[in-house]
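The values are calculated or read from the model by the stated rules, or taken from the named source; none is laboratory data. The structure presented is a predicted model; accordingly, all values stated were derived computationally and were not measured. Note that each Cβ is placed from the backbone with ideal geometry, even for glycine, and that neighbours are counted across all protein chains shown. Ligands, DNA and RNA are excluded from the accessible area calculation, which covers all protein heavy atoms including side chains. Shrake-Rupley method; radii C 1.70, N 1.55, O 1.52, S 1.80 Å.
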Amino acid sequence: MWIYEKKLQYPVRVSKCDPRMAKFLLEQYGGADGELAAALRYLNQRYSIPDKVIGLLTDIGTEEFAHLEMIATMVYKLTKDASPQQMEEAGLGANFASHDHALFYQNAAGVPWTASYIQAKGDPIADLYEDIAAEEKARATYQWLIDMTDDVDLQDGLKFLREREIIHSLRFREAVEILKADRDAQKVY
């Protein structure tokens, strides 16, 4: 199904070691509204949605994996030169003790990722509204992350991700309208 290009969807640059910011970025790595949860939610919902919008869920779900890769790269670059003391001062001491500099699916508060983050009601319109909400929450989180750093290189990548969330929300809104039109169309038997 996928062809993997050995490059990021958008270049990730950081200008300094900043484990504090890496900790905050974990929200988009393993949080309830993060990229992993979104990717799995959309790819799972494909199995109970009309054919007209399956491709949309596949496309966006796949792109969310690309965003997950970008977040992982940001976290890696922000922490790769951090000392154990810097990791501890940033609130990543427990993570460092368990995983060294390896990434672990958890949110910014250290709560591990869980499959309960994946929502699927089985009603296409309800699921798409859930997806719109997820994209809007991710957009808001990216804006708050942008506001929390003075690293213009990091902000650039985060702004790209924020803008993609807006596009995804718009695409899901279009899909809702397509399904509503189908539902409301007069059925002739």
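When you count the other C-beta atoms within 10 angstrom of each residue and take the mean per peptide, 88-95, 4-11 line up highest first as 88-95, 4-11.
Ranked by the mean number of other Cβ atoms within 10 Å of their residues, highest first, the peptides 108-115, 121-128, 137-144, 69-76 fall in the order 69-76, 137-144, 121-128, 108-115.
For GLU136, the shell of other residues with beta-carbons less than 12 Å away shows a net charge of -1, using +1 for Lys and Arg and -1 for Asp and Glu. The length gained by stretching the chain between GLU5 and ALA102 to full extension, at 0.36 nm per residue less their Cα-Cα distance, is 32.6 nm.
Axis of helix 19-30 versus longest Cα principal axis of the chain: the two differ by about 20°, to the nearest ten degrees. Compute the acute angle (0 to 90°) between the alpha-carbon long axis of helix 51-79 and the principal axis of greatest extent of the alpha-carbon atoms of the chain; round to the nearest 10°. Tilt of helix 51-79: around 0 degrees.
Taking amide H as placed 1.01 Å from N in the peptide plane, GLN106 has its amide H under 5 Å from the amide H of GLY30, TRP113, each at least 5 places away in sequence or on another chain.
Taking Lys and Arg as +1 and Asp and Glu as -1, the other residues whose beta-carbon sits under 14 Å from that of ASP153 total 0. Centre-to-centre, using Cα atoms only, region 69-130 and region 133-189 are separated by 20 Å. Helical runs (DSSP H, four residues minimum) scored at -39500 (n - 2.57) apiece and divided by the length of the chain put the mean residue ellipticity at 222 nm at -22000 deg cm²/dmol.
Residues in the chain average 52 Å² of solvent-accessible surface per residue, probe 1.4 Å, ligands and nucleic acids excluded. Between ALA94 and ILE125, the FRET efficiency estimated from the beta carbon spacing at R0 = 45 angstrom works out to 0.60. Compactness of the chain is given as radius of gyration and Dmax, 18.2, 72 Å, from Cα positions. Sorting 54-64, 27-37, 154-164 by their mean Cβ neighbour count within 10 Å, with the most densely packed peptide first, gives 27-37, 154-164, 54-64. By accessible area, using a 1.4 Å probe on protein heavy atoms only, region 41-186 has 53% of its surface on carbon and sulfur.
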